[in-house]
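Let me begin by presenting the structure, written as structure tokens, before commenting on it.
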Amino acid sequence: MSDVKLSTDEVAKVASLARLDLSDKKKELFAGQLNNILSYMDKLNEIDTKDVEPMFSPVEHTTVLRKDVIIKEHTRDEILANAPDSDGQYFVVPRIV
Amino acid sequence: MSSLIEKSLTEIHSLLIAGEVTAVEAVKACLDQIEKTEPEIKALLAKDGENALKLAAEMDKLGPDASKPLWGVPVVIKDVLATKGITTTCGSKILENFVPFYDATSVAKLKEAGAIIIAKANMDEFAMGSTTENSAYQTTCNPHDLSRVPGGSSGGSGATIAAGQCFAALGTDTGGSIRLPASFCGCVGVKPTYGRVSRYGMIAYGSSLDQIGPMTRTVEDSARVLNVIAGHDKRDSTSVDCEVPNYIEALAERTDLSGLTIGLPEEYWGEGLSEEVSEACKNAIKKAEELGAKTVPVKLSMTEYAIATYYIIAMAEASSNLSRFDGIRYGHRSKDADELIDLYTKSRTEGFGDEVQRRIIIGTYVLSAGYYDAYYCKAAQIRRLMRNDFEKAFESCDLIAGPACPTTAFPVGELTADPLQMYLMDIFTISLNLVGMPGMSLPVGIGKDTNMPVGLQLMAPAFGETTMLQAANVLEKSLPDFSKPQQI
């Protein structure tokens with residue numbers, strides 16, 4: 001468990017890709033914990049997986065298609081009811097351009 | 001406990017249908033028990049007692065409906081499932097004020113069957129945890145010993161059942177989150193086959209692993225709930241369109257275990273298992289043999305790779321699923337952001353707890369360019385090898401049995417400082433989520449050292465719930481009743 005995979009700077013960089021901002025204290029804490037976890041995951045390299053088809057889901061059937069018809073299930077009011085900010089018609093966000 | 005809440009779901013349902021107990025009386029009994037026990041146990045988040053009583057009164061006016069398998073039965077729903085009009089937080093601050101305008105399919109089916117929702121159950125934030133200590137709101141205590149954890153992530157669902165607050169609860173299981181709390185709280189918990197129950201309306205954690213299932217006081221009760229919630233749903237393309245057997249009728253078809261072969265994987269019965277769990281589970285297997293079951297050793301040689309495989313896949317899926325929480329359409333929005341990226345970042349950083357952030361970061365890392373093949377793809381390949389392993393094992397047996405967890409419930413705070421040690425508690429449960437097969441935890445004893453419940457895990461091939469429930473039912477009836485906490 002000794003090899004360091006992620007420096008604190010790299011932890012911060014990956015966090016920012018996921019739109020998370022870590023305090024310096026948390027960067028240190030997470031870097032230690034994440035390196036432990038990632039080192040543990042290296043265990044998988046013991047197994048030869050050459051030519052093994054990856055399995056991404058237990059249900060491997062083909063894509064299910066439905067008829068392309070419009071169904072109106074919910075109202076605008078219902079959907080906007082949980083919005084942190086709206087004008088009654090749209091979600092409101094900070095100025096983008 | 002008042003006599004009413006000591007009943008099983010099946011018993012209370014018979015009384016309700018016969019008109020000997022009204023729906024209002026059933027709801028009131030549960031609400032009283034909640035009032036009495038909840039200050040210490042803290043199993044519940046949003047409570048909906050008033051509406052539950054109103055609905056019960058309306059139902060009583062119309063009279064019992066025998067065609068509804070859960071008519072008048074008070075139930076609790078894990079807070080990961082959308083409930084129309086009832087706050088659904090997923091145990092997270094980011095959804096603190098989220099009130100869904102629709103029901104999850106499993107919830108809609110319970111309502112259609114006559115069940116009355118009285119509350120939402122506490123859970124680890126976004127179902128990430130094994131103890132319910134990761135809830136952003138409260139730590140649930142184990143009704144058998146308040147200083148110990150109830151297990152997780154469906155710890156609120158396990159505790160509410162053990163405390164007699166309701167007759168059935170829904171949990172969800174991504175890596176053991178039904179079976180582990182069932183084992184720790186001494187109740188029955190069933191993780192169905194992946195695709196058996198619609199996931200529509202379940203706030204996704206690991207979409208290729210998540211399944212919804214019942215937590216109850218008896219096997220028959222779980223069979224009754226599974227009957228209601230199972231089946232194909234056009235809103236979940238991974239729900240499988242195959243016939244749902246009548247699990248309750250099937251229970252009556254088997255009164256012993258003759259002709260049944262149970263595989264015992266050496267990887268589940270050896271090193272790392274606590275002595276008290278080993279002893280209680282071995283006694284249950286001995287009982288199964290007395291009831292006519294044949295036991296054979298089987299090999300699940302990939303078990304030691306399960307945790308690493310699982311956490312790569314689960315965290316990768318989580319990082320993708322949780323990207324929807326952006327502070328725009330629902331959920332927490334930061335008050336001090338002045339441009340869009342800043343708004344995303346601040347809202348997510350303020351809204352997500354530490355464990356969720358850890359998993360999102362690892363998930364993002366293992367999916368990033370340069371690491372995808374080494375981690376995510378490698379894990380997906382090993383996942384297939386694991387399924388081959390299970391399929392091979394099931395060639396020589398009908399069911400596989402082992403402990404649900406290496407230990408009984410441990411003290412609150414014991415594992416919170418070391419995430420990796422916490423992940424290792426899932427060693428016996430996570431393989432099934434990876435391979436998509438069904439499993440359940442059945443209370444089979446009380447550990448002699450901790451005096452806490454021990455769960456035996458039964459596992460079946462895909463869509464083999466019938467045989468699994470039959471065997472559990474026979475075994476349960478021949479073992480003493482362990483499900484009631486001594487303190488309550």
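Coordinate-derived values only; no laboratory data. Treat the numbers as computed from the prediction; the structure is a model and nothing was measured. In this analysis, Cβ positions are derived from the backbone assuming ideal geometry, glycine residues included, and neighbour counts consider all displayed protein chains.
Per-residue extension of 0.36 nm, minus the Cα-Cα distance of residue B:146 and residue B:373, leaves a gain of 77.2 nm for this segment. Legend: mean number of C-beta atoms from other chains within 10 angstrom of residue C-beta atoms, peptide B:349-361, equals 4.
Measuring nothing but alpha carbons in region A:1-49 and taking Rh as the Kirkwood radius, the Rg to Rh ratio lands at 1.07. The ellipsoid equivalent to the alpha-carbon distribution of region B:100-168 has semi-axes of 24, 15, 8 angstrom, derived from the gyration tensor eigenvalues as √(5λ) and listed largest first. Taking every alpha-carbon pair within chain B, the share separated by more than 35 Å comes to 26 percent. What residues from region B:336-352 fall in the zone where the backbone N is under 16 Å from a label point 7 Å along the Cα-to-C-beta line of residue A:96? Label zone hits: B:338-345. Taken along the Cα-to-beta-carbon direction at a fixed 7 Å, the label points for residue B:391 and residue B:451 span 4.9 nm. In chain B the longest region clear of trypsin sites (Lys or Arg not before Pro) that are loop-assigned by DSSP and have at most 16 other C-beta atoms within 10 Å covers B:1-233. Note that the protein assembly as shown carries a Kirkwood radius of 24.1 Å, evaluated over its alpha carbons pair by pair.
Size check on region B:295-343: the Cα extents along the three principal axes, sorted descending, read 64, 18, 13 Å.
Across peptide B:321-329, the mean count of Cβ atoms from other chains lying within 10 Å of each residue's own Cβ comes to 3. Cα centroids of region B:1-70 and region B:220-286: 27 Å apart. Taking θ as phi - 60° and the Karplus parameters 6.51, -1.76 and 1.60, the scalar couplings of region B:462-471 work out to 3, 6, x, 4, 4, 4, 4, 5, 4, 5 Hz in sequence order, x denoting glycine and proline.
Give me the extension gain from residue B:235 to residue B:255: residue separation times 0.36 nm, minus the current Cα-Cα distance, reported in nm with one decimal. Don't skip to the answer; put the middle values down first.
On the way: separation 20, 0.36 × 20 = 7.20 nm, distance 3.79 nm.
Gain on stretching residue B:235 to residue B:255: 3.4 nm.
For the peptide A:37-47, the mean number of other protein chain Cβ atoms found within 10 angstrom of a residue's Cβ is 6.
With a 10 Å Cβ neighbour count serving as the proxy for reagent exposure, in which order, fewest first, do A:48, B:236, A:42 appear? Please report the intermediate quantities before stating the final value.
Values: A:48 9, B:236 19, A:42 14.
Sorted ascending by nearby Cβ count, the order is A:48, A:42, B:236.
All Cα-Cα separations within region B:21-110 were binned at 5 Å from zero, giving a P(r) of 3, 13, 20, 22, 21, 14, 5, 2, 0, each value a whole percent of the pairs. Taking label positions 7 Å along the Cα-Cβ direction at both residue A:9 and residue B:304, the computed distance is 3.8 nm, reported to one decimal.
Tell me, what are the semi-axes, in whole angstrom and largest first, of the equivalent ellipsoid of region B:349-447 as set by the roots of 5 times the Cα gyration tensor eigenvalues? Write down the numbers at each step before the final one.
On the way: eigenvalues 159, 117, 18 Å².
Listed largest to smallest, the semi-axes of region B:349-447 are 28, 24, 9 Å.
Legend: P(r) of region B:4-257 from all alpha carbon pair distances, 10 Å bins from 0, whole percents, reading 8, 35, 39, 17, 1, 0. A simple spin-label model places the labels of residue B:417 and residue B:36 3.9 nm from each other, with each point 7 Å out along Cα-to-Cβ. About its Cα centre, the dipole of region B:4-257 is roughly 360 debye, where the only charges are +1 on Lys and Arg Cβ and -1 on Asp and Glu Cβ.
The share of Cα pairs per 5 Å bin across region B:196-355, counted from zero up to the longest distance, runs 1, 7, 9, 10, 12, 15, 15, 11, 7, 5, 4, 2, 1, 0, 0 percent.
What is the sum of charges around residue B:154, taking Lys and Arg as +1, Asp and Glu as -1, for the other residues whose C-beta is under 14 Å from the C-beta of residue B:154?
Working: positive: B:78, B:120, B:179, B:191; negative: B:79, B:124, B:125, B:133, B:173, B:210, B:426.
Charge balance in the 14 Å sphere: -3.
I'd like the projected area of chain A, averaged over all directions, using the convex hull of its alpha carbons. Report it in nm² with one decimal.
13.1 nm²
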